[in-house]
Amino acid sequence: MTTYLNLPTVSFINKRLLFFLCTLLTIVTIQAQTRATITGTITDQFGALPGATVSIEGTTQVTTTDVNGVYEFSVDEGTYIIQAHFVMYIKDAKEVSVKVGETVQADFLLETGFSIDQPISLGTRGNPISGLDTSSPVDIITPQMLENAAGLELSTVLHYLVPSFHSTHQTIADGTDHIDPGTLRGLGPDQVLVLINGKRRHSSSLLNVNGTVGRGSVGTDFNAIPLATIERIEILREGATSQYGSDAIAGVINIILKKQTEVIDIDNRVLINSEGDGFENYSSGNFGLKLGNNGYVNVTAEYRNRNATNRAGDYTGLVYSEDPIEDAILIEENDFFSQTGYDNRRVMEIGNAETQNLALYFNGEFKMSPNATIYVHGGRNYREGKSKGFYRFPKDEDRVVLSLFPNGFSPEILTDIQDDAVVLGIKGIKNGFNIDFSHTIGNNRIDYTINNSNNASLGITSPRTFYSGGFLYNQNTTNLDISKPLDYFKGVNLAFGAELRVENYQIIAGEEASYVDGGATFIDTNGEESPRIPGAQVFPGIQPENELSRFRSNSAGYVDVDANLTDDFLVRVGGRFESSNDFGSQGVYKVASRYRFSDNLSFRAAYSKGFRAPSLHQVYFQNISSQFINNTIVQVGTFNNESAVAREAFGIDRLRAETSRHFSAGLNGKLGTKLTFSLDYYLINIKDRIVLSGRFSEGYEDILGPFNVGAAQFLTNAIDSKTNGGDVAVFYKDQLGDGVLNVSLAANLTETKVVGPIKVSSSLIGQEDVLFNREEIARVEKAQPNYKVNSSVSYEWKKYKAQLSNTYFGDVTFLHPDDGDPNNWVLNNYTGLVESRDQVFTPKLITDATLSYQANTNIIFTVGGNNIFNVYPDKHTHEANTSNGSFVYSRRVQQFGVSGSNFFLKLLLRL
């Protein structure tokens, strides 16, 4: 049966719809007949280059190549200049003419280049310029370097790629076990500013309060940013607070997200270490979609799971009784060590915490008109972590309910960390001015659940699992950036703008059972009734009186002028003024210059005044924590500077902004077409550095008693410091046989000294050694390697790539707080001598190796390892530093962690 359309019976609306569809089809057909196509393939000497950027000069049309290196444009009839470029390759361009209906092929064979030739956006408000032309030292971490790295987390990757960057996994440090502190040039985690696509990244909600690098500071959670979303990273190794605002004393790390649209990357890896623990698996996917002819969106999903590692030693201390003979009998009768859940005679888990990480990120742009582009990027990261604390032994009845845990317990700290960020902005050109207006929202929240523990003061009624509270940090930043090139001298760029930042810091109380004093008692060794310690063991819950929500608003304005006074001489002058509602106003400036001796050699220098405002965390954080001091667990109260305890009882002043003076000078250049080099010196003087004090206890019992703590600590502007050092980098590449040889050598040498007297209030004169003792001074001066050298040799031929990398870590030093006086030295059971507990941990060389095979266009196999020779830090040489044998390696100072050799398999699918 055949059905015919009876037009008279079609409704008026349907007639209109049919007419519209016919008209649209006609327009599309006519347009197709008046268009032309430009297509081509981008390759290097080894084959296709997926993800290479191709653009048409003078237009808004930009695309990326697909997995086969192919691109395509639909254009009107005419003549065009097609540009092709990829990071670490030399840019190329071709002129192409097309007529209606034609398809013209324009292929490119790109040659590898150097990072010094790449356009750098960091450190300048004008158009990106190469490393030879900039006045600032900037490192570029290329896509190839990220792809070949052995690490699965951003902080680890940077630790082994950038000599001036330091970040290691911490252990037995509460929340710091789950958020790794990252530093630049030996300074603090809060003295480096992180940007994503040039926009300020929020910090974490965690204040580091335990004995780690960065104690008393707040840093950025680098590992919340998935590796698979990163195209490249720019690291400005120079003070830049006048350009980017507070925190940029040591420098700026700018993470640039991927834009590729024609390639799907699926990355799968598994990793295991030589001890058989710490298994990791990693999966990520990255893809992009075009939005019309003038836009794109790139999306990344990443999953990362890491099992715990344990490098604890055999416990040699007491368990059930303070009488060693009685205790030995009870250990044997109760078969104690088989009850702990650990092998051999271990009672702790010391090493990398167990974590599970899931992230989803995006990056996109859409051109609304030839002169206006909307952009957006951001994402969410969720991480669950589990770490352990010190073992609670049955002999310690003040903290162990024996009816619940007759053999004591190993408490667990479970963290839930959620990190969210989104940036929305519009940029374009108006009357010759480049205008960029954006708003950034970022927040980080960490919640603590304590498991396998008890609140001893509740006795038999105590739960074993507690929600102990958490912390939340929100940051909202609005930016307006305007720049314009001016036709003065040999070219001038004027830039100015404003920023409004609103921050919120919250402390969230735990459930009542996690902090309440239930009043339970026990009979101590003297036969007297004594109170049990209140609060969940390992992390007492945050009490309602410590719960708070505080805001800060900060407004700023800046002006930057870049002037090419001659073809070879660049001068850069900038100033910034910031004002906040709580710590006043601050003006800073920077003067920099670059002189080009030739096309291949330039000199640069800069002098600047910087500042860093106290973070809201540092101003308002307060809590009670369990800390291990001289082989004893002590409840320590951290009281903020607004509290009556800090202000009245101890006379602690309100926090002030840190200020700095930064000088740097350097040379960089090229020798022919095969070698580049850079050499930089820096001097950074910081006044009024904010640090976490030592613990005050003796003489303050009456003050501390009502808070159920045995010691108090505070954040204060206690020290000034001087940091000087240098950076050296050399890169060499050459054609060797059928392949390409790449060799790099980079080093950082830095020295930080605490200068001048320790700053104390009048009420604490004479207690300088308590406020900031020799251990804390050493943490600033010697807890990070005083030098680090990175080298890499890679060779690419046919379908193979081999890479061998070495990282040489300088020494680190632990100084015991009491051992400045030989009268305080104690017996070392290892040697039988009374000795100092101070120790220098000697330099170590870590070797990484990878071998990749490209089976076809879509599949790349890689096998490799980090620390393939299974190198560990020095062991403790004084028995008193081991906590009765448990700590074989230091948890106070670390060069590279204690996981040993790690080997991985990687399968990359490029579709």
The stretch 726-777-the stretch 410-474 distance, computed between alpha-carbon centres (Å): 30 Å
Least to most buried among Asp265, Asp818, Asp562 (fewest other Cβ within 10 Å first): Asp818, Asp265, Asp562
Value of Rg to Rh for the stretch 148-289 (Rh from inverse mean 1/r over Cα pairs, i.e. Kirkwood): 0.98
HN-Hα J in Hz across the stretch 723-729 - Karplus 6.51, -1.76, 1.60, θ = phi - 60°, x for Gly and Pro: 10, 9, x, x, 10, 10, 9
Two-site FRET efficiency, Leu741 against Leu667, from Cβ-Cβ distance with R₀ of 22 Å, rounded to 0.05: 0.30
Rounded to 10°, Cα long-axis angle of helix 324-334 versus longest principal axis of the chain: 60 degrees
Mean-position separation - Cα centroids, the stretch 808-860 and the stretch 242-297, in angstrom: 30 Å
Where Rh is the Kirkwood radius over Cα pairs, Rg/Rh for the stretch 291-380: 1.52
Contact order relative to length of the stretch 747-796, as percent, for alpha carbon pairs under 8 angstrom and 6 or more apart: 60 percent
Compactness of the stretch 511-562 as Cα Rg over 2.2 N^0.38 Å, two decimals: 2.35
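Exposure proxy check: Asp487, Asp727 ranked by fewest other beta carbons within 10 Å?
The order, fewest Cβ neighbours first, is Asp487, Asp727.
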Magnitude of the charge dipole, the stretch 198-268, Cβ model with Lys/Arg +1 and Asp/Glu -1, debye to 20: 240 debye
For the stretch 266-337, alpha-carbon Rg relative to the globular expectation (2.2 N^0.38 Å, N residues): 2.30
Overall form of the stretch 423-527 per C-alpha gyration tensor (a/c, 1.5; a/b vs b/c): prolate
Fraction in percent of alpha-carbon pairs per bin - 10 Å, the chain: 2, 11, 20, 24, 19, 12, 7, 4, 2, 1, 0, 0
Likely footprinting exposure, Arg35, Arg383, fewest C-beta neighbours within 10 Å first: Arg35, Arg383
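When you have a sec, figure out the Kirkwood radius of the stretch 610-705 from all distinct Cα pair distances and drop it here in Å to one decimal? Display every interim value, and only then the final one.
Values: mean 1/r = 0.0573 Å⁻¹.
The answer is 17.5 Å.
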³J(HN,Hα), Karplus 6.51/-1.76/1.60, whole Hz, each residue of the stretch 36-44, x for Gly, Pro: 10, 10, 10, 9, x, 10, 9, 9, 10
Gain upon complete extension [Ile482, Leu424; 0.36 nm per residue less C-alpha separation]: 19.2 nm
Nearest-ten-degree value, helix 12-33 long axis tilted from longest Cα axis of the chain: 80 degrees
Rounded if a/c under 1.5, otherwise prolate or oblate - the stretch 140-201, Cα gyration tensor axes: oblate
Separation of the Glu333 and Glu102 label points, Cα + 7 Å toward Cβ, nm: 9.9 nm
Cut-off under 5 Å, modelled amide H: who pairs with Thr220 long-range: Gly182, Ser204
Across Lys722/Lys788; Lys427/Lys687; Lys753/Lys788; Lys94/Lys799; Lys94/Lys290, pairs whose alpha-carbon gap is larger than 26 Å: Lys427/Lys687; Lys94/Lys799
Overall form of the stretch 171-251 per C-alpha gyration tensor (a/c, 1.5; a/b vs b/c): oblate
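Got the relative contact order for the chain handy, in percent, Cα pairs under 8 Å and 6 or more residues apart? Please report the intermediate quantities before stating the final value.
On the way: 2553 pairs, mean separation 90.8, N = 911.
It rounds to 10 percent for the chain.
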The stretch 828-875 - Debye-derived log10 I(q)/I(0), Cα point model, q = 0.18, 0.22, 0.28, 0.30 Å⁻¹: -0.75, -0.86, -1.02, -1.08
Cα-Cα P(r), the stretch 102-145, percent of pairs per 10 Å interval: 23, 40, 20, 14, 3
Inter-part distance where the stretch 556-633 and the stretch 201-239 are each reduced to a Cα centre, Å: 16 Å
Net charge dipole size for the chain [Lys, Arg +1 and Asp, Glu -1 on Cβ; Debye, nearest 20]: 3440 debye
Estimated vicinal HN-Hα couplings, Hz - the stretch 443-453 in sequence order (Karplus 6.51, -1.76, 1.60; Gly, Pro = x): 8, 9, 10, 10, 10, 10, 10, 9, 10, 6, 9
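Given Cβ point charges of +1 (Lys, Arg) and -1 (Asp, Glu) and nothing else, what value in debye, to the nearest 20, does the dipole of the stretch 622-772 about its Cα centre take? Kindly include the intermediate steps, with their values, before the conclusion.
On the way: 13 positive and 16 negative charges, 112 e Å.
It comes to approximately 540 debye.
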Of Phe522, Ile507, Val162, farthest towards positive along the dipole that unit charges on Lys, Arg, Asp, Glu beta carbons give the chain: Val162
Positive-pole candidate from Val730, Ala711, Phe336, dipole of the chain, charges at beta carbon: Val730
Options Leu616, Phe696, Leu771, ranked by Cα towards positive dipole end of the chain, top entry (Cβ charges): Leu616
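Between Ile374 and Asp517, what's the calculated FRET efficiency when r is the beta-carbon distance and R0 is 35 Å? Round to 0.05. If you can, show how the numbers build up before the last one.
Details: r = 56 Å, r/R0 = 1.60.
The computed FRET efficiency comes out at 0.05.
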Loop GluC sites (Glu not before Pro), the stretch 317-359, which have at most 11 other Cβ atoms in a 10 Å radius of their Cβ (DSSP): Glu322
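A short reminder: the numbers here are calculations on the coordinates, not readings from a lab. Just so we're clear, the structure is a prediction, and the values are computed from it rather than from any experiment. Note: ideal-geometry Cβ built from the backbone for every residue, glycine included; neighbour counts use all protein chains shown.
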